[in-house]
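Structure first, commentary second.
Every number here is computed from the coordinates shown, using simple stated rules; none is lab data. Given the structure is predicted, the values throughout are model-derived calculations rather than measurements. For neighbour counting, all protein chains shown are included, and Cβ atoms are generated from backbone atoms with ideal geometry for every residue, glycine included.
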Amino acid sequence: MERQGGPGTPDELQKHLETIERMLAGSPPRSQSVLLKQAGDLCASLGERRRALAWYGRAVNLHLELGEAPRASALCHTILSIQPEAVRARCTLAWLALAGGRTIEARRLVDEYAAAARGAGQNAMAAQQLAWMFDAAADALLRRDIVRAVRSLGDDTRAAALSSAPPPAEPLDHEELWSRVLHGTLAPPPPPSG
């Protein structure tokens, strides 16, 4: 039996998700983002964490592609409420803080991202992401903290190279910075080594 407003069983959930998937095909991007979040919410309400995270992740990507940083950020926080150790959400939040000029927040989020990546064994990927953030950052303290985070991931060679890099002559313009945010947050992860 279906609960008020949503599916009550795994089969009902699957039917709802299939309906949402069909609706996505003909919907404009902003409607798609609502549908993706709705699908994530349905999965989360039934304790289907993994499935919820996949739907929320797709919604985050769409918000990023649309340039909707606050909505992407809000969904990343939703993801972290379900899975506090989520590495990608922490990476995205760090990028968004950097792009938004929220340096103190970005410094904290860089540390949280590095810690989550270490916990998940994603050191190499995180070191690459942090190097990209370093290249996009103009603030000296943020750049210093990024170097420290890279070092905490065990990549002393990259940390040394970043430490010796000269500061940027001028901050990136908004378009170039957002381009780097998209590259960092939407780039597929590198293939597993070995």
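Once you have the alpha carbon radius of gyration of the chain, what is it after dividing by 2.2 N^0.38 Å, with N set to its residue count?
Working: Rg = 18.5 Å, N = 194, 2.2 N^0.38 = 16.3 Å.
In units of the globular-protein estimate, the chain measures up at 1.14.
Mind giving me the nanometre distance, one decimal, between the label points for Glu170 and Ser81, set 7 Å out from Cα along Cα→Cβ?
4.2
Multiply the residue separation of Ser163 and Ala138 by 0.36 nm, subtract the distance between their alpha-carbon atoms, and state the gained length in nm to one decimal.
Numbers: separation 25, 0.36 × 25 = 9.00 nm, distance 1.36 nm.
Using 0.36 nm per residue and subtracting the Cα-Cα distance, I get 7.6 nm.
Have a look at Leu53, Leu66, Leu186 and report the one farthest towards the positive end of the charge dipole of the chain, computed about the Cα centre with Cβ charges (Lys/Arg +1, Asp/Glu -1).
Result: Leu53.
Provide the net charge surrounding Ala161, with neighbours chosen by a C-beta distance below 15 Å and charges set as Lys +1, Arg +1, Asp -1, Glu -1.
Around Ala161, the surrounding residues sum to +2.
When only DSSP loop residues count, what GluC sites (Glu not before Pro) in segment 1-108 have their Cβ near at most 14 other Cβ atoms within 10 Å?
Working: sites: Glu2, Glu12, Glu18, Glu21, Glu48, Glu65, Glu68, Glu85, Glu105; in loops: Glu2, Glu48, Glu68, Glu85.
Passing both the DSSP loop test and the Cβ count: Glu2, Glu85.
For the chain, what does -39500 (n - 2.57) per DSSP helix run (n ≥ 4), summed and divided by total residues, give at 222 nm, in deg cm²/dmol to the nearest 500?
Values: 10 runs with 143 residues, N = 194.
That comes out to -24000 deg cm²/dmol.
Along the Cα→Cβ direction, 7 angstrom out, place labels at Lys15 and Ser31. What is the inter-label distance in nm?
Result: 2.3 nm between the two label points.
Kindly express, to the nearest 10 degrees and within the range 0 to 90, the angle between helix 29-45's C-alpha long axis and the longest C-alpha principal axis of the chain.
70
Would you look at the GNM of the chain, springs on alpha carbons closer than 10 Å, and say which of Gly100, Gly47, Gly26 moves the most?
Gly26
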